[in-house]
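All remarks here apply to the structure that follows.
Throughout, read-outs are computed from the coordinates displayed, never taken from laboratory work. Remember, predicted model here, so these are calculated numbers, not experimental data. Note that each Cβ is placed from the backbone with ideal geometry, even for glycine, and that neighbours are counted across all protein chains shown.
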Amino acid sequence: MHDLTLASARKALRERRLSAIDLTDHFLAAIKKLDGDINSYVTVTEDQARAGARAADALLATGNAPSLCGLPLGIKDLFCTNGVRTTASSNILRDFVPPYESTVTSNLLADGAIFLGKTNLDEFAMGSTNMTSAFGPVTNPWRRKGTDVSLVPGGSSGGSAAAVAAGLALGTTGTDTGGSIRQPASYCGITGIKPTYGRCSRFGTIAFASSLDQAGPMARTMEDCAILLESMAGFDPKDSTSVDRPVPRYEDALERGVKGLKVGIPREYRPDTLPDDIAALWDQGIAWLRDAGAEIVDVSLPHTKYGLPTYYIVALAEASSNLARYDGVRFGERVDAASLDELYEATRHAGFGEEVRRRILMGTYVLSSGYYDAYYLRAQKVRTLIQRDFLNAFDTVDVLLTPTAPSAAFAHSERPTDPVQIYLNDIFTVPASMAGVPALSLPAGLDHDGLPLGLQLIGRYFEEETLFAAGRVMEKAAGFTHRPALHAGAFA
Amino acid sequence: MRQELSGILGWVEQLNEVDITDVPPMIGTGLATPRLRDDVVTDGDKRDAVLSNAPDSVGPYFTVPKVVE
């Protein structure tokens, strides 16, 4: 059962070779055994999962089961789940129990999915190491060859990535604001896709930067991600930026191939500092696509280097506004004080961790009168130039191929102390977020330490199908079947 | 923290070298069509749900320390 993909589990459930309750019990047992070491779950919903699995078995017996019937998933603890604690990995929401369901999770439930629990993340999705979580860091299931040094899983969807990699869920949901699905997918050797902005509803997903936040699936294979995205995506009147456009059956695009596809290789994604292993793997990826019939084209995205500083102005400005709601009055933690102002101050000081405080302060500063034009407005204009870079490139090519991250996973103890150095982890993922175009990361190989490395495919608006097709070609060529040191299967 | 914030601000200064003459600000992707809906109640009778996470409440009200003397 440890080697099941979501697609093979779905088949086994349909053919009644496997029951949903056995499958769910298997994952709950694996979590119990292994998650003490990994910490990928903040909350495990054992009773709900079992009840859901029994209901799924009843439905499967009728032969009329919905698409995800009986498939156990982990849900990033940023999606509000009705009656189940939702923390955003922050102390300020430590005991928050939403009385409603996010649209994405409600879509998954309607399709019969089973939720094993809520997965760990960087506090309010702000980080790329999962070390800012108020519920403790997550341990990457992978180890460098011959060492037991604990490594970060990436972030912010670090728990979601680690859970899939360690065999503690068939798939998970993530959210991606500047790389929070793709970078942890790369660090943990799994697949993850950030769809086009507006493809998945943001309703009920705790907001970080509203013009960038986008939900997406994380799983072992391209096929699994295609199955999950079809369920998660769709128009939602409750989100004003949701796009009213039919959701294709992404699975049908998987075997389209890349014959005649034009693949752009942006020269700005090859800085002098790019590690040799990553440069070599990127070249390998290019060769895989060329061998499968794609045409490789050199392209330029001239404003790439401005992506990160632009992101850190726009995202932090939006975050400072979004996080103003945590005031200790209507929900969340409160620290009592003599006056209302003191109550706000004490509540927010106690409730937010250091990185969140830093970002709120920065965001408030760049929006303040006198600095608004110099920082925020200028950044919004540079964002237009970054978007134009992609639109221009997509006049001549169909997809772009780049590395996902500038490094493999690093140790908790190697995390830089300078925030700017940490932000640089997202250098290759942020530009696509700024433009709102879809992008995925797939595990393409291992580095010299035996750690997974991801490659990123970026596509035109709403051309997720092209990404899945190209991704599937690369997945087959890569034949990535390596397993991390910490895996449910090793303890069976 | 003060030093780190100065560091971040120094780092974003590089945006000043970009020529933004006549470039409009990007407000969003522009993919979603702005839409209006009828001004009607689509939900309601959720008082208890709305109050269910209140740190402190009295009857149908959220409570805070006294504001007006």
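Tell me, how many Å apart are the Cα centres for the stretch A:255-311 and for the stretch A:1-73?
37 Å
Which order, highest average first, do A:108-117, A:337-346, A:372-381 follow once you tally other Cβ atoms within 10 Å for each residue and take the mean per peptide?
Details: A:108-117: 23.6, A:337-346: 14.7, A:372-381: 18.6.
Highest-to-lowest ranking by the protection proxy: A:108-117, A:372-381, A:337-346.
Taking a threshold of 30 Å on the Cα-Cα distance, which of the pairs A:118/A:305; A:76/A:262; A:262/A:476 fall above it?
Values: A:118/A:305 35 Å; A:76/A:262 35 Å; A:262/A:476 19 Å.
Beyond 30 Å between Cα atoms: A:118/A:305; A:76/A:262.
How would you rank B:26, B:1, going from fewest to most other Cβ atoms within 10 Å of each one's own Cβ?
Ascending Cβ contact count within 10 Å gives the list B:1, B:26.
Test of understanding: ordering A:232, A:1 by Cβ neighbours within 10 Å, fewest first, what list do you get?
Numbers: A:232 22, A:1 16.
Starting with the residue having the fewest Cβ neighbours, the order is A:1, A:232.
Using Cβ counts within 10 Å as a stand-in for footprinting exposure, how do A:395, A:77 rank, fewest first? Can you show the working numbers first?
Details: A:395 7, A:77 30.
Exposure proxy ranking, most exposed first: A:395, A:77.
Tell me, what is the FRET efficiency for residue A:321 and residue A:262 to the nearest 0.05, using R0 = 51 angstrom and their Cβ-Cβ distance as r? Kindly include the intermediate steps, with their values, before the conclusion.
Working: r = 40 Å, r/R0 = 0.78.
Using R0 = 51 Å, I get an efficiency of 0.80.
Cβ under 12 Å from residue A:144's Cβ, residue A:144 left aside: what net charge do those residues give with Lys, Arg +1 and Asp, Glu -1? Don't skip to the end; give the middle numbers.
On the way: positive: A:143, A:145; negative: A:148, A:414, A:447, A:449.
Once positives and negatives cancel, what remains is -2.
Per DSSP H run of n ≥ 4, the term is -39500 (n - 2.57); total these for chain A, divide by its residue number, and report the mean residue ellipticity at 222 nm rounded to 500 deg cm²/dmol. List each step's numbers first, then the result.
On the way: 15 runs with 182 residues, N = 492.
After summing the helix terms and dividing by the residues of chain A, the value is -11500 deg cm²/dmol.
What is the average number of partner chain Cβ atoms found within 10 Å of a Cβ in B:44-55?
Working: counts 0, 0, 2, 0, 1, 4, 3, 3, 6, 9, 5, 12.
Across B:44-55, the average partner-chain Cβ count within 10 Å equals 4.
Counting other Cβ atoms within 10 Å of each Cβ, which trypsin sites (Lys or Arg not before Pro) in the stretch A:102-205 have at most 14 and sit in a DSSP loop?
Numbers: sites: A:118, A:143, A:144, A:145, A:182, A:199, A:202; in loops: A:143, A:144, A:145, A:199, A:202.
Answer by residue number: A:145.
How well do other chains shield peptide A:325-337, expressed as the mean number of their Cβ atoms within 10 Å of each residue Cβ? Each step should come with its number before you reach the end.
Details: counts 0, 0, 1, 3, 7, 7, 7, 3, 1, 4, 1, 3, 2.
Per residue, the number of nearby Cβ atoms from other chains is 3 on average.
How high is the relative contact order of chain A, in percent, counting Cα pairs under 8 Å that sit 6 or more residues apart? Can you show the working numbers first?
Working: 1182 pairs, mean separation 89.3, N = 492.
Relative contact order of chain A: 18 percent.
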